[in-house]
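Written below as structure tokens is the structure these notes are about.
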Amino acid sequence: MAASIGAVACRALHSRRHRQLLSVGRGLFSGARCLVAEGETHFGFQDVSETEKGEKVYHVFESVAKKYDIMNDSMSLGIHRLWKDILLHQMNPYPGTQLLDVAGGTGDIAFRFINYVHSQWEHQIKQKLKSHQNLSWEEISKSYQEEELKLPGGSQVVVCDINKEMLKVGKQKAQHLGYSEGLSWVVGNAEELPFNDNKFDVYTIAFGIRNVTHIDQALQEAYRVLKPGGRFLCLEFSQVNNPLISRLYDLYSFQVIPVLGEIIAGDWKSYQYLVESIRRFPAQDEFKAMVEDAGFLKVEYRNLTSGIVAIHSGFKL
């Protein structure tokens, strides 16, 4: 009888311990699922949660917005202007092109796009008038005025940026420089763009994609909003392909740029992050593969300044 009672008690104890272990296991599993759902990523050389990265990146650009353009000139010795000009020439937009410029808050790409399209339009008008040399002055004047009326309703550039302070600076620049027609500003996340499918002819992102938490998701969104036949263009810091230049570039990046950030913008940490984020961004071939994985075809890249930056191009076909 005592043995029987002992056996029952033993089984009850075993059952209770089993339930406790299951409960602990479920708790650990649930905690693990939360960690997986949140995920870890990098903020420069730091390992942070995905949510924390988004907050930190937003704070960086909120902090540097007012000095962003001055710092770009200082850090690159003005070469960033040449890189952006090359991007526009590679795009070669025509009058009527619909451009989405993501992470383009201060408007550098947008303003260049407008200038380029105006130049193309003026060239087309001149060519057309040359072929009509037998027309009277009144007819030529009328033809020019009719063509002029078509431009405002043609090309359009939408600047989309997640950071309101960056957009604020861009709008102020546009007003100061006299840009208004064919230009709009939208607050939006590159990973979840607030636009319909198949809307734009060209998607650009210049020095912005390395700051995105989920690069693959941003690339998928780029593919979604482009029209069939549309073009993806990304200008971003990349991997230097010359060993000597690479050593000098590292020295300049880590020893000079944060100091410039402190002197000009009063912000060492933000520019330390920007330097570190460049080193964490995928190399040219790796990023090319990511663009292809998003669905783009005819993907290729072009190194500028020995690979300090690269332009990646792909088409939605």
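Consider GLN20 carefully, then state whether it is on the phi < 0 side of the Ramachandran plot and at pLDDT below 70.
yes
Does region 113-124 hold any residues that are in contact with a Leu (Cβ under 7 Å, 6 or more places away or on another chain) and surrounded by fewer than 22 Cβ atoms within 10 Å (Cβ to Cβ), and which are they?
Hits for region 113-124 are TYR116, TRP121.
Pairs under 6 Å by beta carbon, first residue within 14 Å of ASN241 (Cβ to Cβ) in region 280-297, partner open to solvent by 20 Å² or more (accessible area, probe 1.4 Å), six or more apart or different chains?
ALA283/GLN239; GLN284/TYR301
Working only within region 71-97, note down all residues that are modelled with pLDDT of 95 or more and open to solvent by 20 Å² or more (accessible area, probe 1.4 Å).
ILE79, ARG81, LEU82, ASP85, ILE86, HIS89, GLN90, ASN92
Can you report the number of residues in region 234-248 which are closer than 29 Å to ALA294 by Cβ and either in contact with a Ser or Thr (Cβ under 7 Å, 6 or more places away or on another chain) or open to solvent by less than 50 Å² (accessible area, probe 1.4 Å) (or both)?
The qualifying residues number 8.
Condition (residue is farther than 19 Å from ASP73 by Cβ, within 24 Å of the chain's Cα centre (by Cα) and open to solvent by 50 Å² or more (accessible area, probe 1.4 Å)) applied to region 256-268: is it met by at least one residue?
no
Kindly check whether there is at least one residue in region 110-123 that is touching a Lys or Arg at 6+ places or on another chain (Cβ under 8 Å), at pLDDT 70 or above and within 30 Å of THR305 (Cβ to Cβ).
yes
Kindly provide the set of residues from region 49-60 that are of a type outside the set (Lys, Arg), at pLDDT below 80 and within 17 Å of ILE209 (Cβ to Cβ), ordered by number.
GLY54, VAL57, TYR58, VAL60, listed by residue number.
Of all residues in region 23-48, which are at pLDDT 70 or above and open to solvent by 70 Å² or more (accessible area, probe 1.4 Å)?
Listed by number, the residues that qualify are GLU40, ASP47.
Looking at TYR252, TYR271 in this structure, which one is open to solvent by 60 Å² or more (accessible area, probe 1.4 Å), of a type in the set (Phe, Trp, Tyr) and not in a strand (DSSP E or B)?
TYR252
Can you tell me which residue within region 171-223, out of those that are more than 27 Å from ILE278 (Cβ to Cβ) and of a type in the set (D, E, K, R), is most open to solvent (accessible area, probe 1.4 Å)?
Residue satisfying both the conditions and the ranking: GLU181.
In region 284-303, how many residues are of a type outside the set (D, E, K, R), open to solvent by 10 Å² or more (accessible area, probe 1.4 Å) and not in a helix (DSSP H, G or I)?
So the answer is 6.
When both residues are 6+ apart or on different chains and their Cβ atoms are under 8 Å apart, which pairs have a first residue that lies in region 239-260 and is within 13 Å of LEU274 (Cα to Cα), and a second that is β-branched (Val, Ile, Thr)?
The qualifying pairs are SER253/VAL275; SER253/ILE278; PHE254/VAL275; ILE257/VAL275; PRO258/VAL275.
The values are calculated or read from the model by the stated rules, or taken from the named source; none is laboratory data. For clarity, every value in this text was computed on a predicted model and none was experimentally measured. Don't worry about glycine lacking a Cβ; one is built from the backbone with ideal geometry, like all the others, and counts go over all protein chains shown. Keep in mind that these areas ignore ligands, DNA and RNA; they rest on the heavy atoms of the full protein, side chains included. Shrake-Rupley method; radii C 1.70, N 1.55, O 1.52, S 1.80 Å.
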